[in-house]
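Participant: For reference, the structure I am asking about is given below.
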Amino acid sequence: MKKRFSFSLCIFWIGLALATCTPGKACAQNSMKSIRKSVVRIQVVTQQPDYSLPWTPGRTATGWGSGFIIAGNRILTNAHVSSNSRFITIEKEGDGRRYEARVRFIAHDCDLALLEVIDKTFFKGTRPLAMGAVPELNSEVIVVGYPIGGDRISVTRGVVSRIDYQVYSHSGIDSHLAIQIDAAINPGNSGGPVLQDDKVVGVAFQGYSGLVAQNVGYMIPVPVIRRFLKDVEDGHYDRYVDLGIQFFPLINPAQRRALGLGPGDYGVMVSDVMEAGGAHGVLEVGDVLLKIDGKSIFSDGYVAMDGSRLLLNEVVERKFRGDRVEMEIMRCGQLKKVQIELTMPWPYLMLANRHDERPRYVLFAGLVFQPLSRALFSTLSNTGIELRYFFSRFVEKEIYRDHPELIIISRIIPDPANIHLKGFANAIVDKVNGKPVRTLEDLYRELKRSSEFYVIELVGNNRPIVLTAKAAAEASLRMTRKYGIRQQAYLEGGIVPAQWKGCNQ
């Protein structure tokens, strides 16, 4: 009887154990526990530049984000989590200490960054997360990170609802492949991993506010992550490349016949070729693009790739600076094959949000000269039609050919030397003493030349600014004494390649 009771009791406890902790469930729990050890919380002290007062260091602030450990004892996160950083600390679950870290590589155009931890003992007890693939539509993913509302790790689930191109809000101008999910992505989630089958399929990075859409978030997919990691293998990040063209679909039957195309779903027409792009001198307006690297181009500009239809740009985006792409085109009814060496069309950067750089300026007689940028434009008040036109059409109208940098008078600091010049605020500089001003360096060079008078000509304004050397020198001393401005110019950095700068002798 005792044996029967013991045997029955044993069966009871085994059944209970199987009911409450199946092998699959236990495995999943252990797996999540391991994953949680690889997801980190990032605290960043930032210093934001002030483009309205470019000689100041800017204000400091503190922010939070997430990240995760990948191979090589590196931490992957978003660029917007770590940009403009002055001090970074990292925490891992179950460890109350904060470890100092620093940015190793940062890619503002695709919102990714790699951090390294100073104290390598941080990685004890952790494991790197492996990369997966692009998830299928309607498949489930989990988002792990440290969103607002608590100090503990958070896990949410969602479904992949769209795979398409999106503008990455960090730069505000670059578009890349992005995956939409219906899991909540809140401030603090940024930089955390999105997982499927215990592998990383994306990095959480942006979402809509509740006023725009409910439960709509986006992750950076694996192809973008892998490209970033490949790009930095040589110790430097070179940014994305682009063809530097615009095209439009060919779905109108009459237009297709006029171009010599038959019916069908193929081909797009080139509508613009940038002089600053790699396709300049190879493609022409009116060319019909038929194939790219052997992949047929559908009439909406998409190609078959990775089991899906993706914008033809995706073929280019997986390449690097100096790589070539082969295209089959139709020009004036004739088939041709051409090769394009890929570059970064730099003029786009004027329209982008830029980070980790100090505002450039020249101060002369109380006039503050700065190259126009998106950050500067947002600080200006009462911008006239002319300035708005030059800013918005900088790329489209190829204004950069004559003005690689648009140098404007962004501010006039009150001083006896400029008492009658108030109306010149936001004006665009064209020449100084008859010499064209293409860049900030040109302006600085001409204002440093020995001369009794300085005649500053402005775009679209027949009335020049005329200043004496003596008045300018006296104003510089007053700027230091009255306003505490000790640095009269800062020229480092800039977006214009050397071959576009020219040189005023």
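Participant: Report whether or not Thr60 is surrounded by 14 or more Cβ atoms within 10 Å (Cβ to Cβ), β-branched (Val, Ile, Thr) and over 18 Å from Asp198 (Cα atoms).
Facilitator: When the stated conditions are applied, Thr60 does not pass them.
Participant: What tally of residues in region 473-491 results from selecting those that are without any contact (Cβ under 8 Å) to a residue 60 or more places away in the chain and of a type in the set (Val, Ile, Thr)?
Facilitator: Looking only at that region, the number is 1.
Participant: Report, ordered by the first and then the second residue, all pairs with beta carbons closer than 8 Å, sequence separation of six or more or different chains, a first member in region 337-363 that is free of Cβ contacts under 8 Å to residues at least 40 places away in the same chain and more than 20 Å from Asp231 (Cβ to Cβ), and a second member that is in a strand (DSSP E or B) and among the acidic types (Asp, Glu).
Facilitator: Lys337/Glu326; Lys337/Glu328
Participant: Just to be sure, is Ser296 polar (S, T, N, Q), modelled with pLDDT of 95 or more and over 30 Å from Thr56 (Cβ atoms)?
Facilitator: Yes.
Participant: Among what's in region 163-184 and is in a strand (DSSP E or B) and of a type outside the set (A, V, I, L, M), pick the residue that is surrounded by the most Cβ atoms within 10 Å (Cβ to Cβ).
Facilitator: Only one residue tops the list, namely His176.
Residue by residue, here is whether (1) surrounded by 13 or more Cβ atoms within 10 Å (Cβ to Cβ); (2) touching a His at 6+ places or on another chain (Cβ under 6 Å); (3) more than 25 Å from His170 (Cβ to Cβ) holds:
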residue	(1), (2), (3)
Arg360	yes, no, no
Leu363	yes, no, yes
Leu367	yes, no, yes
Gln370	yes, no, no
Asn382	no, no, yes
Glu386	yes, no, yes
Val395	yes, no, no
Glu405	yes, no, no
Ile409	yes, no, yes
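Participant: Right, something else. Where in region 416-505 are there helices (runs of 4 or more DSSP H), lying fully within it, with 2 or more residues that are assigned by TED's automatic domain parsing to the domain that holds Phe391 and aliphatic (A, V, I, L, M)?
Facilitator: Passing ranges, in order: 440-448, 469-483.
Participant: Can you tell me how many residues in region 323-342 are buried (at least 20 other Cβ atoms within 10 Å of the Cβ) and not in a loop (DSSP other than H, G, I, E, B)?
Facilitator: Final tally of qualifying residues: 3.
Participant: Still on this structure, please answer the following. Of the residues that make up region 147-162, is at least one in a loop (DSSP other than H, G, I, E, B), in contact with a Ser or Thr (Cβ under 9 Å, 6 or more places away or on another chain) and surrounded by fewer than 19 Cβ atoms within 10 Å (Cβ to Cβ)?
Facilitator: no
Participant: Sticking with this one: Could you tell me which of the residues Gly264, Gly260, Gly244 is in contact with a Pro (Cβ under 6 Å, 6 or more places away or on another chain) and under 20 Å from Lys336 (Cα atoms)?
Facilitator: Gly244
Participant: Related question: Step by step: first the residues of region 185-201, then only those that are in contact with a helix residue (DSSP H, G or I) (Cβ under 9 Å, 6 or more places away or on another chain) and farther than 16 Å from Val159 by Cα, then the one that is surrounded by the most Cβ atoms within 10 Å (Cβ to Cβ). Which residue is that?
Facilitator: It comes out as Gly191.
Participant: Have a look at Tyr218, Tyr208, Tyr240 and point out the one that is of a type outside the set (Val, Ile, Thr), under 20 Å from the mean Cα position of the chain (by Cα) and modelled with pLDDT under 90.
Facilitator: Just one listed residue meets the conditions, Tyr208.
Participant: All but one of (1) surrounded by fewer than 19 Cβ atoms within 10 Å (Cβ to Cβ); (2) touching a Lys or Arg at 6+ places or on another chain (Cβ under 9 Å); (3) touching a residue at least 60 places away in the same chain (Cβ under 8 Å) hold for Asp272; which doesn't?
Facilitator: So Asp272 meets the others, but not (2).
Participant: If I go through region 429-474 residue by residue, how many of them are of a type in the set (A, V, I, L, M, F, W, C), closer than 19 Å to Ala489 by Cα and in contact with a strand residue (DSSP E or B) (Cβ under 9 Å, 6 or more places away or on another chain)?
Facilitator: Residues meeting the conditions: 10.
Participant: Go through (1) touching a residue at least 60 places away in the same chain (Cβ under 8 Å); (2) surrounded by fewer than 19 Cβ atoms within 10 Å (Cβ to Cβ) for Ala107 and report which single condition fails.
Facilitator: Of (1) touching a residue at least 60 places away in the same chain (Cβ under 8 Å); (2) surrounded by fewer than 19 Cβ atoms within 10 Å (Cβ to Cβ), only one is false for Ala107: (2).
Participant: Only one residue in Pro464, Pro497 is within 30 Å of Ala276 (Cα to Cα) and under 39 Å from the mean Cα position of the chain (by Cα). Which one?
Facilitator: Only one candidate qualifies: Pro497.
Participant: Starting from residues that are surrounded by fewer than 16 Cβ atoms within 10 Å (Cβ to Cβ) and polar (S, T, N, Q), keep the ones in region 475-496 and report whichever is farthest from Arg401 (Cα to Cα).
Facilitator: Ranking the candidates gives Thr480 first.
The values are calculated or read from the model by the stated rules, or taken from the named source; none is laboratory data. Since the structure is predicted, the reported quantities are computational estimates derived from the model, not experimental observations. Note: ideal-geometry Cβ built from the backbone for every residue, glycine included; neighbour counts use all protein chains shown.
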